[in-house]
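S.K.: Please find one structure pasted underneath; my questions will follow.
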Amino acid sequence: MKTIRRMVHREVLAAVALVTLGFLALFFFFDLIDELRSVARMPDTYPLSQAVLYVLLGMPTHLYELLPITVLIGTIFVMARFAQSSEFTILRTSGLGPGRALSMLLLLGCVFVVLTFALGDYVAPASDRAAQVVKSKGLARLTTGGTGAWLKERQGEDSVAVNIRSIRSDGLMEDVRIYRFDRESRLASRVLAQSATVAPQGDAWVLRQVQSDTFVRGASGETQRAERLELAELRWATGITADMVSAAVLQPDRMATVDLFQYVRHLEANGQSAQRYEIEFWRKVFYPLSCLVMVVLALPFAYLHFRAGSTTGYVFGGVMAGISFFLLNNVFGFAGTLQNWSPWLTAAAPGLIYSIASLAAFGWLVLRR
């Protein structure tokens, strides 16, 4: 049985690696074509070599996104080829029952689960941050939307809203605006700074070229006057860390699971909507497990009875099944955000649907035929 397991695992790993390399080559080509427009606009500050490096640093993110579908396609190709050449029939007569075949593929699927988790939580976020730094060196700064990044924090009875227009590659925040509201939601002060950096201790920001306006109110609550203060440097105590600022700039699906969890807690503690980030957190939790769903979905192809023809049609069916899984995953994510569904159920639903479908197909082909 060890020999059979070693043979099947070797064939599946080789097929998955080949399919993955093919997809990554396509994504590299299309991403590079897209970056050539920026190279053409700024050839002096953003040369071709820098664009190629940026695209290469984005490959781990693509690998993380593609791994479940390449696992499905590669496993379907191997299982269908075994069925076509009657190799799997010989393996069945040698004692490879349905339970052993399923456990053998699930063991291999666990390897892909660990690989996907490591890519999504460690390799892809680090490479994505490095890619943003590489691109920002040529484009000068990173921004998010037309108004920049917004964060909120509660300090005692007051609430603070922070706006950051852009972030440079060295971590310097530019055009920082800090608005403080009292417990009655009235504007108490406003701080404008040309730039800011997070202090090494992480418990404060160092603001530079500061203009501070404090609004003094009378007994009736109406604003009587505004006291303006201009400073070259100001230390502002805050619990907003550099990771939270990065989280506001980066897309949530490119953040590590721990960072997403901490950012969700920060949003909830400050009374902000965290539905989108909660869904992304649970998707990060369940996404690696989709590799197990894919290998189970591919196993019924080994029990198809045919001798002639090619495996092209079955591989194409695997591609369509993988694409439909991604479409369903995205549809549930958007629908869950709009309809305020339970985050963990929204993230787990596509995997549960495909697990039921794959187990039903496996039961029909193996147990009833």
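S.K.: Averaging sequence separations of C-alpha pairs under 8 Å and six or more residues apart, then dividing by the length of the stretch 149-245, give the relative contact order as a whole percent.
M.R.: Details: 214 pairs, mean separation 19.1, N = 97.
Reported as a whole number, the value is 20 percent.
S.K.: Normalised by the residues of the chain, what does the relative contact order come to in percent, with Cα pairs under 8 Å and at least six apart?
M.R.: 18
S.K.: Determine the dipole magnitude for the stretch 149-245: charges of +1 sit on the beta-carbon of Lys and Arg, -1 on that of Asp and Glu, nothing else is charged, the reference point is the Cα centre, and the result goes in debye to the nearest 20.
M.R.: Charge dipole of the stretch 149-245: 180 debye, to the nearest 20.
S.K.: Mind giving me the FRET efficiency for Phe261 and Cys110? R0 is 35 Å, r the Cβ-Cβ distance, nearest 0.05 is fine.
M.R.: FRET efficiency, Phe261 to Cys110: 0.90.
S.K.: In deg cm²/dmol and to the nearest 500, what is the mean residue ellipticity at 222 nm of the chain if only DSSP H runs of at least 4 residues count, each as -39500 (n - 2.57), divided by the residue total?
M.R.: My calculation for the chain gives -19000 deg cm²/dmol from helical runs alone.
S.K.: Here's something else I'd like to know. Taking R0 as 30 Å, what's the FRET efficiency between His9 and Leu36 from their Cβ-Cβ distance, rounded to 0.05?
M.R.: Computed FRET efficiency for His9 and Leu36: 0.15.
S.K.: Subtract the Cα-Cα distance of Leu21 and Gln272 from 0.36 nm times their separation in residues, and report this length gain in nm to one decimal.
M.R.: So the chain would gain 86.2 nm between Leu21 and Gln272.
S.K.: Let me ask another. Please give the peptides 109-118, 286-295, 355-364 ranked by average Cβ packing (other Cβ atoms within 10 Å per residue), highest first, as a rough proxy for protection. Provide the component values of the computation, followed by the final result.
M.R.: Numbers: 109-118: 18.0, 286-295: 24.3, 355-364: 15.1.
Descending packing order for the listed peptides: 286-295, 109-118, 355-364.
S.K.: For Asp44 and Thr93, what is the calculated FRET efficiency with R₀ set at 41 Å and r taken between the beta-carbons, to the nearest 0.05?
M.R.: 0.05
S.K.: While we're on this one: Using a simple charge model, +1 on the beta-carbon of Lys and Arg, -1 on the beta-carbon of Asp and Glu, nothing else, what dipole does the chain show about its Cα centre, in debye to the nearest 20?
M.R.: Using Cβ point charges on Lys, Arg, Asp and Glu, the chain gives about 1180 debye.
S.K.: Tell me the label-point distance for the pair Ala199, Leu53, using the 7 Å Cα-to-Cβ offset, in nm and rounded to one decimal.
M.R.: With each label point 7 Å from Cα toward Cβ, the separation is 3.4 nm.
S.K.: Sort Lys2, Lys284, Lys152 so the one with the fewest other Cβ atoms within 10 Å of its own Cβ comes first.
M.R.: Lys2, Lys152, Lys284
S.K.: Please list 3J(HN,Hα) in residue order for the stretch 66-76, calculated via the Karplus relation 6.51 cos²θ - 1.76 cosθ + 1.60 where θ = phi - 60°; whole Hz, with x for glycine and proline.
M.R.: With coefficients 6.51, -1.76 and 1.60, one gets 8, 4, x, 6, 6, 4, 5, 5, x, 5, 4 Hz.
Rule-based calculations on the coordinates, nothing more; no lab input. Small disclaimer: the values here were computed from a predicted structure and weren't measured. Quick reminder, even Gly has a Cβ in these numbers, built from the backbone with ideal geometry, and neighbours come from all protein chains shown.
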